[in-house]
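Would you mind keeping the following structure in view while I ask a few things?
Coordinate-derived values only; no laboratory data. Treat the numbers as computed from the prediction; the structure is a model and nothing was measured. Cβ coordinates were reconstructed from backbone atoms using ideal geometry, including for glycine residues, and neighbour counts include every protein chain displayed.
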Amino acid sequence: MPTITLPVDEHSPDSEAIRLAAERLRAGGLVAFPTETVYGLGANALDPAAVHRIFEAKGRPASDPLIVHLYDLAWLPRVAQPGGPLAAILAEAFWPGPLTLVLPRQPDVPLAVTAGRDTVAVRVPSHPVARALLLAAGLPIAAPSANRFARPSPTTARHVLDDLDGRVDVVLDSGPVAIGVESTIVDLTCEPPALLRPGGAPPEALRRLLPDLILRADYLAVERGEAAPAPGMFLKHYSPRARVRLFSGPRAAVLQRMRVIASSESGVGILAVDEDVDALAGLPARFARLGPQSDPQGVARRLFAGLRDLDSAGAGQILARAPERDGLSLAIWDRLFRAAEGRIEEVDET
Ligand code: TXA
Ligand code: MG
């Protein structure tokens, strides 16, 4: 099936394109659309056959549940049971925006959406095109990131087409997204509430409202071989084709290690903040610049495109230095850690 790409003005999306895309959704089709975090691959969340097409198009295992997108809080009862006072407080503070809440499932939601669970993940996106599409379709939209399974999430329509051309009916193109990493996921069905995935909403902002929020330590347990990954926590996630190597330790020591690798091996790509790229200038490596280290928003926005660029340039391995783990940088750290399949190479002071 040929994919139709429709340009949409982010700032006034009330166009023919939105109407056409909404029609495709109501007819059971797949529509890729921009959100403020990454592009999503949408289908009618209440239509099991349409939802099934998402899994097929992505090559995604049926065990990995989807996020349901809503126009506003008033739509919540269509897909979730009341989440108690915490859900209302968080929704008030963060919606529309990059926060996903896991709540008890409303029985009308097909089990394909939730991978058989009694809980459902929901969010209200802030991107004007996503909102216009939700309103025009009048349907809750199930949408994972619009990439093939285990590829970096798409931050442009080009990325979507690189992965899904011919597998999706319509792509709404309104240019690069603003945040660049996926939403933060908080599970409110457990006690205490748990951060399942760091993302666009920084944990510090959540902790102001949820002081007992715990960071689910799955990564560490998975790394030690003590636990199987929870849904969506597959460590082989966000992986480009190249092998990603993540280094942590004093900056000078990490850069020195990168120099040694890039000078002795071929096909090296380096994904780094501008300061590091400048310090490594002249090395026989291909660089993807993430912008200044002082601008984590910019780094997040460029992260997935950087992985994809180095990949399509044919890099055999991609070297990256682990960022701090606070604020938005925790999400950046998380995506690099997963791209590196859960391995970190510690470098000591030289
Ligand atoms: O920013 C985002 O969240 C993007 C945009 C398109 O909204 N969507 C996104 O979806 O990142 P996806 O499918 O790539 O990630 C969804 C993840 C799953 O992998 C899983 O970790 C979690 O959400 N999830 C979904 N439903 C869940 C549930 N009922 N319980 C626990 N985790 C759930
Ligand atoms: Mg994804």
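Residues of region 105-145 with amide nitrogen under 14 Å from the 7 Å Cα-to-Cβ point of D9?
129, by backbone N distance to the label point.
Here is a further query. Mind pulling the per residue volume of the convex hull built on the Cα atoms of region 42-92? Å³ is fine.
Here the figure is 100 Å³ per residue.
Local charge sum around L280 (other residues, Cβ-Cβ under 13 Å, Lys/Arg +1, Asp/Glu -1)?
+2
Let me ask something else about it. Can you compute the FRET efficiency between A281 and R241 using 1/(1 + (r/R0)^6), with r the Cβ-Cβ distance and R0 = 45 Å? Round to the nearest 0.05.
Given R0 = 45 Å and the Cβ-Cβ separation, E is 0.95.
Provide Rg over Rh for region 66-146; use the alpha carbon set for both Rg and the Kirkwood Rh (inverse mean inverse pair distance). Kindly include the intermediate steps, with their values, before the conclusion.
Numbers: Rg = 11.7 Å, Rh = 12.6 Å.
Reported Rg/Rh (Cα atoms, Kirkwood Rh): 0.93.
Could you tell me what a quarter of the Cα convex hull surface of region 132-190 works out to, in nm² with one decimal place?
For the Cα atoms of region 132-190, the hull's average projected area reads 5.7 nm².
DSSP beta bridges in region 97-188, what fraction antiparallel, as a percent rounded to 5?
Just about 50 percent of them are antiparallel.
Could I have the simple spin-label model distance between I89 and E341, label points 7 Å from Cα toward Cβ, reported in nm to one decimal?
4.2
A further question follows. Determine the principal axes of the Cα atoms in region 1-155, then give the extent along each, sorted from largest to smallest and rounded to whole angstroms.
Result, largest extent first: 43, 34, 29 Å.
Hey, another quick one. Return an integer: the convex hull volume of the alpha-carbon atoms of the chain, in Å³ per residue.
132
Now, a different point. Please report the antiparallel percentage of the DSSP beta bridges confined to the chain, to the nearest 5.
35
Could you run the Debye sum over the Cα atoms of region 3-80, one equal point scatterer each and no solvent, and tell me log10 of I(q)/I(0) at q = 0.12 Å⁻¹, two decimals?
Computed log10 I(q)/I(0) values: -0.38.
Report the percentage of all Cα-Cα pairs in region 236-302 whose separation exceeds 15 Å, rounded to a whole percent.
56
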